[in-house]
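Engineer: To start, I am sharing the structure in question, which I have written as structure tokens.
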Amino acid sequence: MWQRLGLLAAGILMGLLATGLLMVLTARPPGVPVQLHPPPTEGPCQVHVAGAVALPGVYSLPRGSLVRDAIAAAGGLSDVSAPESLNLAAVLHDHQKIVVPSRTAPSMATGGDPGAGNHQVGGLLNLNTATDAELDSLPGIGPSLAKAIVAFREAHGPFGTPDELLDVPGIGPAKLAGLRDLVVCE
């Protein structure tokens, strides 16, 4: 009987060893471990600073910089600058153009009314200095849309071209086509 039990134990042991060997031989190789990388960081913001600054040009500034930082990068304000119409605390956006106006108003050089300030340039309405009441006088622009244009300008800085009006909610291509010949960005 002891001999039978010994053979049974040896058989069970051999079966377990065979099963283990079979599992090792048929197991799939381990996969490549997952590597986590930090999210990519955005590069600097490219802005064009023009107008009444010491060194106009294109500058690279860290994301989240303000209009005042761009002006400082351009060597600061010139002696004839009139930055009152700029929102110096506005956050910069990539590829934005910042135009610092001059006290020598372009409207005087183009024959505009000297009492009108920078609101009229050669008979065209200056989007960067016009009040909401003046914007309301444009065809297709009502009081709420005029306020939206002024709010957008205060939040994002001056307009570089009339086409940037498309970024203002409520202005589409058709409305812009009707305004393009009536406005200017100085």
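Engineer: Which residue is nearest to SER102 (Cα to Cα), if the candidates are limited to the range 143-186 and must be among the β-branched types (Val, Ile, Thr) and part of a loop (DSSP other than H, G, I, E, B)?
Structural biologist: Per the stated criteria, the residue is THR161.
Engineer: Those residues that are more than 11 Å from GLY157 (Cα to Cα), part of a loop (DSSP other than H, G, I, E, B) and under 16 Å from the mean Cα position of the chain (by Cα), I need them from the range 59-99; list them, please.
Structural biologist: If the condition is that a residue be more than 11 Å from GLY157 (Cα to Cα), part of a loop (DSSP other than H, G, I, E, B) and under 16 Å from the mean Cα position of the chain (by Cα), then PRO62, ARG63, GLY64, SER65, ASP94, HIS95 are the ones that fit.
Engineer: So is ALA89 outside the structural domain of PRO162 (by TED's automatic domain parsing), surrounded by fewer than 13 Cβ atoms within 10 Å (Cβ to Cβ), of a type in the set (Gly, Ala, Ser) and in contact with a helix residue (DSSP H, G or I) (Cβ under 9 Å, 6 or more places away or on another chain) or not? Break it down into steps so the answer makes sense when it comes.
Structural biologist: On the way: outside the structural domain of PRO162 (by TED's automatic domain parsing): yes; surrounded by fewer than 13 Cβ atoms within 10 Å (Cβ to Cβ): yes; of a type in the set (Gly, Ala, Ser): yes; in contact with a helix residue (DSSP H, G or I) (Cβ under 9 Å, 6 or more places away or on another chain): yes.
When the stated conditions are applied, ALA89 passes them.
Engineer: Still on this structure, I have one more. Please go through the range 65-91 and pick out each residue that is within 22 Å of GLN46 (Cβ to Cβ) and at pLDDT below 85.
Structural biologist: Within the range 65-91, PRO83, LEU86, ASN87, ALA90 qualify.
Engineer: Can you name every residue in the range 80-96 that is of a type in the set (Gly, Ala, Ser) and either touching a Cys at 6+ places or on another chain (Cβ under 7 Å) or more than 18 Å from ALA151 (Cβ to Cβ) (or both)?
Structural biologist: Hits for the range 80-96 are SER81, ALA82.
Engineer: Going through the range 126-171 one residue at a time, which ones are of a type in the set (Ser, Thr, Tyr) and within 17 Å of CYS185 (Cβ to Cβ)?
Structural biologist: Answer for the range 126-171, where residues must be of a type in the set (Ser, Thr, Tyr) and within 17 Å of CYS185 (Cβ to Cβ): THR129, THR131, THR161.
The values are calculated or read from the model by the stated rules, or taken from the named source; none is laboratory data. What you see is a predicted model; the values in this text were computed from it and never measured. Cβ sites come from the backbone with ideal geometry, for glycine too, and all protein chains shown count toward neighbours.
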